[in-house]
1. Does the stretch 73-106 hold any residues that are touching a strand residue (DSSP E or B) at 6+ places or on another chain (Cβ under 8 Å), assigned to a loop (DSSP other than H, G, I, E, B) and β-branched (V, I, T), and which are they?
2. Going by the conditions given, is Y95 modelled with pLDDT of 95 or more, surrounded by fewer than 22 Cβ atoms within 10 Å (Cβ to Cβ) and among the aromatic types (F, W, Y)?
3. Got a number for residues in the stretch 127-173 being in contact with a helix residue (DSSP H, G or I) (Cβ under 7 Å, 6 or more places away or on another chain), of a type in the set (A, V, I, L, M) and under 28 Å from M188 (Cβ atoms)?
4. Using the structure shown, decide if D113 is at pLDDT 95 or above, within 18 Å of E132 (Cβ to Cβ) and of a type outside the set (A, V, I, L, M).
5. Given the structure, is G135 surrounded by fewer than 17 Cβ atoms within 10 Å (Cβ to Cβ) and at positive phi?
6. Can you pull out every residue in the stretch 100-110 that is within 21 Å of E157 (Cα to Cα) and of a type in the set (S, T, N, Q)?
7. Could you check the stretch 118-172 and list, in sequence order, the residues that are aliphatic (A, V, I, L, M), in a loop (DSSP other than H, G, I, E, B) and touching a residue at least 60 places away in the same chain (Cβ under 8 Å)?
8. Out of the stretch 174-191, which residues are in a helix (DSSP H, G or I) and farther than 30 Å from E153 by Cα?
Amino acid sequence: MANMMRWRCWAPAAAGLVAACSGGNYRPVSDFPVRIGKPYTVRGITYVPAEDTTYDMLGYASWYGNESGKRTANGERFRPGWATAAHTTLPLPSYVEVTALDTGRRIIVRVNDRGPFAGSSRIIDLSRGAAEQLGLRAVGKAAVRVRVVEPDEKDRERLRHGKAARPLPPVSDAVRANLLSQIAAAGMTVR
């Protein structure tokens, strides 16, 4: 029994050593600590990260996926098949609901990286896995609505382990038309 207790005490440390020896130094996928970060400048534009529980924006999304295995801004390993995203200012990690305005399809993704830095109307970069779930992988850029959400622990757990959050019903055609008209009124081309 004493040997078993010793193993329980050393098992987490041993797991950490194995992870360190396997070529990583990546932060474990976790919701804590939440990092806001200091202001930073990319290509002459300064971004000021901040908590914004009311974040609800219209714009464009693109996707990325060739960076497999690289470190995300919050220190985790980037896994292109997972439903993750990059955002310029939201805390890391954050959870957002992304709605594809062409179809009304909605998904929840976990924001764990910084971007996009294209200087356009892109407001989020989705991982390949998130783009596939949303039906956007075939297009380079798509009109979206992005809003901060607080999913339940089951959805958070699924997203932290590379699985999709629970399916969400699509928005109605009336809501989708309204959102598309707002994008047009703001002078952003829909396609």
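The values are calculated or read from the model by the stated rules, or taken from the named source; none is laboratory data. In this text the structure is predicted, and so the values were computed from the model without any measurement. For neighbour counting, all protein chains shown are included, and Cβ atoms are generated from backbone atoms with ideal geometry for every residue, glycine included.
1. Our first condition is that a residue be touching a strand residue (DSSP E or B) at 6+ places or on another chain (Cβ under 8 Å); within the stretch 73-106, this holds for 73-74, 76-102, 105-106.
Among the residues that remain, those that are also assigned to a loop (DSSP other than H, G, I, E, B) are: 73-74, 76, 78-83, 87-91, 93, 101-102, 105.
Scanning the stretch 73-106 gives T88, T89.
2. On the way: modelled with pLDDT of 95 or more: yes; surrounded by fewer than 22 Cβ atoms within 10 Å (Cβ to Cβ): yes; among the aromatic types (F, W, Y): yes.
Yes: the conditions hold for Y95.
3. Kept after step one, since they are in contact with a helix residue (DSSP H, G or I) (Cβ under 7 Å, 6 or more places away or on another chain), are these residues of the stretch 127-173: 137, 143, 145, 164-166.
Keeping just the survivors that are of a type in the set (A, V, I, L, M) gives 143, 164-165.
Imposing the further condition that a residue be under 28 Å from M188 (Cβ atoms) reduces the set to 143, 165.
Number satisfying all stated conditions: 2.
4. Numbers: at pLDDT 95 or above: yes; within 18 Å of E132 (Cβ to Cβ): yes; of a type outside the set (A, V, I, L, M): yes.
Considered against the rule, which asks whether it is at pLDDT 95 or above, within 18 Å of E132 (Cβ to Cβ) and of a type outside the set (A, V, I, L, M), D113 comes out as yes.
5. On the way: surrounded by fewer than 17 Cβ atoms within 10 Å (Cβ to Cβ): yes; at positive phi: yes.
Answer is yes for this residue.
6. Filtering the stretch 100-110 down to residues within 21 Å of E157 (Cα to Cα) leaves 106-110.
Scanning the stretch 100-110 gives no hits.
7. Kept after step one, since they are aliphatic (A, V, I, L, M), are these residues of the stretch 118-172: 118, 123-124, 126, 130-131, 134, 136, 138-139, 142-144, 146, 148-149, 159, 164-165, 168, 171.
When the remaining residues are screened for being in a loop (DSSP other than H, G, I, E, B), the result is 118, 136, 138-139, 149, 164-165, 168, 171.
Matches in the stretch 118-172: L136, A164, A165, L168, V171.
8. Of the stretch 174-191, the ones in a helix (DSSP H, G or I) are 174-185.
Passing the criteria: A174, A177, N178, L180, S181, Q182, I183, A184, A185.
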